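J.: Before I ask anything, here is the structure I am working with.
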Amino acid sequence: MMAERVVLIHVQNLERETVYFSVGDIPLQVGDSCVVEHGGLRLGVMMGELEAGKGLGEQLESVVRVSTPSDIETYRYNQADAERIMSSTREVIAHHELPMHLVAAEYTLDRKQLRVYFTAPHRVDFRSLLRDLASRYGTRIELRQMGARDEARIKGGLGRCGLEICCHRFLRETNPVPMEMAYDQELFVSPERITGACGRLMCCLAYEHEAYQQELASFPKLGAQVEWNGKKGKLISHNIFRRTVTILTEGRERLEVAVSEITVLRPGRKRRR
């Protein structure tokens, strides 16, 4: 059975998708710029290749051609034009008195579709708006509602760490980060200190969450009554990196000691959330 060429393409749209495409006989190499059919014609860059069994390529969208200087120029023009129409689109939204916050817009390479991204506090009936925009711009309009994390992913920005925010730099999916992750890591701080540019808890709280859970499973729980070197007290914090705990003794003294050196007199309770 003949193998088919299937390539991984980083699509140059606002969502920065990475998708497999059927490449056929087009002489495409890693790093090459190309035009793909992905909800319309879009630019992309080849990231890798795999050999697939016959028939898989028929189920995938296709690479259309190696991109030309004209394609690159058209892409840049479309980007600038999409920025330009943002102002007039806001005017139309205001005319319809819709509770929508416009985030971004982008054309397909062939300008047969204009996709407009927005946020809103609830679902919006934008049918009349859609008709007005289609009439104004003379192309098919797609309105796509997104959440606060998705808006940050498109716009980018700097995080509290001083680096470009993760969702814009490398994360491909934005997942909810519940407050439980902060509790499990004993980040007993004000929510503002662990809130990202999107106004939600920072995605990086999820990176080490599993490691914290695994390590803390071998520690006594917070609030446990313990004894160390003849001194009794309450366990008030853990340090999983140094394998130590902090004890508040009956004499109000704070001691950081190795977890292996303490004796648990009464187990602590799981922290109420």
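J.: So for the stretch 43-66 (the condition being outside the structural domain of Glu142 (by TED's automatic domain parsing) and touching a helix residue (DSSP H, G or I) at 6+ places or on another chain (Cβ under 7 Å)), does at least one residue qualify?
T.: yes
J.: What's the number of the condition Gly268 fails, among (1) part of a loop (DSSP other than H, G, I, E, B); (2) surrounded by fewer than 15 Cβ atoms within 10 Å (Cβ to Cβ); (3) more than 26 Å from the chain's Cα centre (by Cα); (4) not charged (D, E, K, R)?
T.: Result: Gly268 passes all but (2).
J.: Is at least one residue of the stretch 233-252 in contact with a helix residue (DSSP H, G or I) (Cβ under 6 Å, 6 or more places away or on another chain), modelled with pLDDT under 90, surrounded by fewer than 18 Cβ atoms within 10 Å (Cβ to Cβ) and not assigned by TED's automatic domain parsing to the domain that holds Thr119?
T.: No - not one qualifying residue is present in the stretch 233-252.
J.: In the stretch 163-179, how many residues are at pLDDT 90 or above and either part of a helix (DSSP H, G or I) or of a type in the set (D, E, K, R) (or both)?
T.: The total comes to 3.
J.: On the basis of being surrounded by fewer than 18 Cβ atoms within 10 Å (Cβ to Cβ), part of a loop (DSSP other than H, G, I, E, B) and not assigned by TED's automatic domain parsing to the domain that holds Phe126, does Gly39 make the cut?
T.: yes
J.: Select, from Arg123, Arg160, the only residue that is assigned to a loop (DSSP other than H, G, I, E, B), of a type in the set (Lys, Arg) and exposed (fewer than 12 other Cβ atoms within 10 Å of the Cβ).
T.: Arg123
J.: Give the stretch 26-40 a look and list any residue that's out of contact with any Lys or Arg (no Cβ under 8 Å at 6 or more places or on another chain) and either under 15 Å from Tyr75 (Cα atoms) or of a type outside the set (A, V, I, L, M, F, W, C) (or both), or say none.
T.: Scanning the stretch 26-40 gives Pro27, Gln29, Gly31, Asp32, Ser33, Glu37, His38, Gly39.
J.: Within the stretch 181-202, restricting attention to residues that are touching a helix residue (DSSP H, G or I) at 6+ places or on another chain (Cβ under 9 Å) and touching a residue at least 40 places away in the same chain (Cβ under 8 Å), which residue is surrounded by the fewest Cβ atoms within 10 Å (Cβ to Cβ)?
T.: Residue satisfying both the conditions and the ranking: Gly199.
The values are calculated or read from the model by the stated rules, or taken from the named source; none is laboratory data. Here the structure is a predicted model, which is why all the values come from computation and not from measurement. Note: ideal-geometry Cβ built from the backbone for every residue, glycine included; neighbour counts use all protein chains shown.
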